[in-house]
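Computed from the coordinates by the stated procedures, all read-outs in this text should not be read as laboratory data. Owing to the predicted nature of the structure, the values given are computational and were not obtained by experimental measurement. Virtual Cβ from ideal backbone geometry, glycine too; neighbours counted across all protein chains shown.
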Amino acid sequence: MTEQTATATDFDFDDFDLAWLRAKEGVKWRMPGPEVLPAWVADMDFPVAPPIRDALAEAVARGDLGYPAWSNWTGRNPLAEPFAERMAGLYGWRPRPEWLRNFSDLLQAIQVVLHLTTRPGDAVAVQTPAYPPFLKTIEMMGRRMIAGPIERSGDGWGFDPQRLEQAIAASHCRILMIVNPHNPTGRVFTAAELRSIADIAVRNDMLIIADEVLAELAYPPHRHIPLASLGPEVAARTVTLTSATKAFNFAGLRCAVAHVAPARLREVLDAQPPDLFGPVNVLGVEATKAAWRHGDAWLAALLRHLDGNRELVATTLAARVPAIACDPPQAAYLAWMDCRRLALGAEPADYFRTAARVLLSDGKGFGREGDGFARLNFATSREVLTEMLSRMTTAVAGR
Ligand SMILES: Cc1ncc(COP(=O)(O)O)c(C=O)c1O
């Protein structure tokens, strides 16, 4: 692709209007209907990052949409080197490029790993509240969910490693799913927290599925640490999952990666017919390479904008609805709002949809710990966010 020609004005995260958003075909704006502002699914509202837009446009202009030179059959992986370079550059972690496998999204990778490593009835440990499709996956696959609660104390969101280990040991659980940065609490786990998790996995001989898809959205001073970078013993039991689709906002292009370090799992995976789980597509690969190699200036500007929105959510709620407890997330653009003191009924998201015409994610879907919570996606323009917050705070004040 050509060198980036983006200027500061290409990175205006406020330069779009409601009509443009409402014309989108994606589910975020399709679903809620004309009167409602959507703040639910984790898509951002911004235009495509210029380097990604250019890479996609160039592939189309070249007429280069035929069978790619790589495929699951050849074993050549176009993302192996870009992924390894990205991890080394950002975190000083040196993954093995030849251990990278591609999937259409993280959810598919998780389902494939569970399919190949567990049987119905087996236990899978997950920290809850959890991204709803993970809980649904475990339920639909007939696995038993072992919940390790993430709870709020005076210091913010955290977990008790002893309690997690007791639940794991009692259920003979051999699979541990870790989401870091965590959705929905926005926590970026510290080295000490990650070490406690890794120790549990080692002591209980567990396979770790580490979902690190939100890593590039950590706000300084919080710094993401890949779990597999903690040492060879941890790495050898860890499948690290990520993609460029969350930080760079192209989930529709269906392109994710799994760094499959456990040798036995790689063997089993590679023995499957290569197209069984669906390969990635050429545009997803082009976008991912462009994001990882040329996206840093856009990403830095994005984080500045999101940080401003994060501040706006925190100050508005604190000033106008202090009964909602909401710690600013340490990563990503999802505010996990504890609405229990407002007594808005069983489902705060229902209340805000009806009374404020703002569509949030309901807390219940995140597990028992989500009762009385709602999740607000603030990855939009300042104008749209201001309107959402105004509708929500006015609705609560008018009760
Ligand atoms: C932590 C986390 N993991 C995974 C996903 C889903 O990723 P994918 O669309 O690649 O399955 C999301 C989506 O928001 C997420 O927040």
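The charge dipole of region 351-393, taken about the Cα centre with unit charges on the Cβ atoms of Lys, Arg (+1) and Asp, Glu (-1), comes to about 80 debye, rounded to the nearest 20.
Between V188, V282, V179, the residue with the greatest mean-square fluctuation in the GNM of the chain (Cα pairs under 10 Å linked by springs) is V282. For region 190-337, the residue among A244, N309, T288 whose Cα projects farthest onto the positive side of the dipole built from Cβ charges is N309. Here the extension length gained between R76 and R96 equals 5.8 nm, from 0.36 nm per residue of separation less the Cα-Cα distance.
The simple spin-label model puts a point 7 Å past each Cα toward its Cβ; for E267 and R293 those points are separated by 3.5 nm. Does the chain come out rounded, prolate or oblate, given a ≥ b ≥ c as the square roots of the eigenvalues of its C-alpha gyration tensor, rounded meaning a/c under 1.5 and, failing that, prolate meaning a/b above b/c? It is oblate, given that a/c is not under 1.5 and a/b is not larger than b/c. Sequence-ordered 3J(HN,Hα) estimates for region 62-76 from the Karplus curve with 6.51, -1.76 and 1.60 and θ = phi - 60° stand at 6, x, 9, 10, x, 4, x, 6, 10, 6, 5, 7, 7, x, 7 Hz, glycine and proline given as x. Which shape class, rounded, prolate or oblate, goes with region 88-168 when its Cα gyration tensor gives a ≥ b ≥ c as root eigenvalues, a/c under 1.5 marks rounded, and past that a/b bigger than b/c marks prolate? In terms of gyration-tensor shape, oblate. Rounded to the nearest 500, the helix-only mean residue ellipticity at 222 nm of the chain stands at -11500 deg cm²/dmol, with each DSSP H run of n ≥ 4 adding -39,500 (n - 2.57).
Each label point was placed 7 Å from the Cα along the Cα-to-Cβ direction; for D199 and L312 their separation is 4.3 nm.
When the Gaussian network model of the chain links Cα atoms closer than 10 Å, the mean-square fluctuations of T380, T240, T354 top out at T354.
What FRET efficiency comes out for the pair E387/R152, r = Cβ-Cβ distance, R0 = 25 Å, nearest 0.05?
0.30
Scanning the chain for DSSP H helices at least 24 Å long along the axis (C-alpha atoms) with a Kyte-Doolittle mean no lower than -1.0 picks out 296-320.
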